[in-house]
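S.K.: Take a look at the following structure, please.
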Amino acid sequence: MSENSIIPRHVGLILDGNRRWAKAQGLPTLEGHRQGSETFKTIALESFARGVTYVSAYVFSAENWQRTEEEVGYLMQLVVKATERYLKDFNEAGVKIVILGRRDKLPQNVIKSMEKTEAKTAHNMRGTLALCLNYGGSEEIADAIRSIILSGTEAEDVTPELIAKNLYHPEIPEIDLVIRTSGEHRLSNFMLYRAGYAEFLFVDKYWPDFTPDDLDAAFADYASRQRRFGS
């Protein structure tokens, strides 16, 4: 990429198409998720290497519990295994890892793995990787408003800024660029509050086929756009 390219500060990734990729390859559905996790590690690290400060990834949505028990179980174990396998790479890259989402339905081994990962990388300053796990944008907003009500804040004192301060990990800024693979053109409840002025790029490839060259193309497209923020 050109040294003069404009790199988004915060990239949101909707990792879509793992199951369809596996079907197209004649492979078991679960193999698509495994390959997708490998692609995710590569793309996240390449994003930070190119100057991105925050990467948020839709790992498991609040709606994904509706999938089969076998698939949900596999995904939960994949989170644990991938975290253990990739932790060294992200830690050496200076990346801090945080988890966004409700933890009440997550298995204890997943929670322990996430807590270990957060603690291990807590002081890293090269960039922040936000894993959206059992996450929903509407649930995040509801939880933020619940926190505001419980704090005793008067209705007239509620502002957009106050809601933002009560989101999961409020230090994570608004998204600049959302990339969704597999040809679907929707947010699917991802980062609703932080994506208000995000640029969107919808890619026809399935997530396991997404490459660093595709990432560079996405950033080049982003750099060519004029962001007016309503002006």
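S.K.: Gap in Å between the Cα centre of the stretch 109-134 and the Cα centre of the stretch 1-56?
M.R.: Taking the Cα centre of the stretch 109-134 as reference, the centre of the stretch 1-56 is 18 Å away.
S.K.: Between 108, 35, 77, where does the largest GNM mean-square fluctuation fall for the chain, given springs only between Cα atoms within less than 10 Å?
M.R.: 108
S.K.: Shifting gears a bit: If a/c stays under 1.5 just call it rounded; otherwise compare a/b with b/c (prolate if a/b is bigger, oblate if not). Do that for the chain, with a ≥ b ≥ c from the square roots of the Cα gyration tensor eigenvalues. Mind showing how you got there, number by number?
M.R.: Numbers: a/c = 1.44, a/b = 1.12, b/c = 1.29.
Since a/c stays below 1.5, the shape of the chain is classed as rounded.
S.K.: Report, in whole Å, the centroid distance computed from the Cα atoms of the stretch 173-208 and the stretch 69-103.
M.R.: The stretch 173-208 and the stretch 69-103 have Cα centres spaced 21 Å from each other.
S.K.: So how many Å³ per residue does the convex hull of the Cα atoms of the stretch 123-166 work out to? Let's see the in-between values first.
M.R.: Details: hull volume 5.1 nm³, N = 44.
Output value, Cα hull per residue: 115 Å³.
S.K.: Follow-up question, since we're still on this one. Please report the carbon-and-sulfur percent of the accessible area for the chain; probe 1.4 Å, protein heavy atoms only, DNA, RNA and ligands left out. Please list the in-between numbers first.
M.R.: Working: 5890 of 11680 Å².
On the chain, the fraction of accessible area on carbon and sulfur atoms equals 50 percent.
S.K.: Let me ask something else. Would you mind working out the accessible area per residue for the chain, using a 1.4 Å probe, and quoting it in Å²? Numbers along the way, then the final one.
M.R.: On the way: 11680 Å² over 231 residues.
I get 51 Å² per residue for this part.
S.K.: By a straight-distance test (C-alpha under 16 Å), which lysines pair with residue 41 as possible cross-link partners, with residues fewer than eight away in the same chain excluded?
M.R.: 81, 88, 96
S.K.: Now a separate question. As an exercise, identify the GluC sites (Glu not before Pro) in the stretch 157-194 lying in DSSP coil whose Cβ has no more than 14 other Cβ atoms within 10 Å. Please report the intermediate quantities before stating the final value.
M.R.: Working: sites: 161, 171, 174, 184; in loops: 171, 174, 184.
Answer by residue number: 171, 184.
S.K.: Still on this structure: Between the DSSP loop rule and a limit of at most 11 other Cβ atoms within 10 Å, which trypsin sites (Lys or Arg not before Pro) in the stretch 23-124 are left? Numbers along the way, then the final one.
M.R.: On the way: sites: 23, 34, 41, 50, 67, 81, 85, 88, 96, 102, 103, 105, 112, 116, 120; in loops: 50, 67, 102, 103, 105.
Here the sparse-neighbourhood loop sites are 105.
S.K.: Could you derive backbone 3J(HN,Hα) for the stretch 161-175 from the dihedral phi with the Karplus parameters 6.51, -1.76 and 1.60 (θ = phi - 60°), listing whole Hz in sequence and x where the residue is Gly or Pro?
M.R.: Residue by residue, the stretch 161-175 yields 5, 5, 4, 4, 6, 10, 6, 4, 6, x, 6, 6, x, 4, 7 Hz.
S.K.: What Rg and what Dmax come out for the stretch 23-120 when only alpha-carbon atoms are used, in angstroms?
M.R.: Computed over the Cα atoms of the stretch 23-120, radius of gyration and Dmax are 14.1, 39 Å.
S.K.: Still on this structure, I have one more. Counting other C-beta atoms within 10 Å, and keeping those with at most 13, which DSSP coil trypsin sites (Lys or Arg not before Pro) do you find in the stretch 150-220? Intermediate results must be reported in sequence, preceding the final value.
M.R.: Numbers: sites: 165, 180, 186, 194, 205; in loops: 186, 194, 205.
Sites meeting the loop and neighbour criteria: 186.
S.K.: In what order, largest first, do 190, 200 sit by accessible area if the probe radius is 1.4 Å? Write down the numbers at each step before the final one.
M.R.: Numbers: 190 0, 200 70 Å².
The ranking, largest first, comes out as 200, 190.
The values are calculated or read from the model by the stated rules, or taken from the named source; none is laboratory data. No experiment lies behind these values; they were computed from the predicted model shown. With ideal geometry, Cβ positions are generated from the backbone for all residues, glycine too; neighbour counts draw on all protein chains shown. All accessible areas refer to the heavy atoms of the entire protein, side chains included, with ligands and DNA or RNA removed. Shrake-Rupley method; radii C 1.70, N 1.55, O 1.52, S 1.80 Å.
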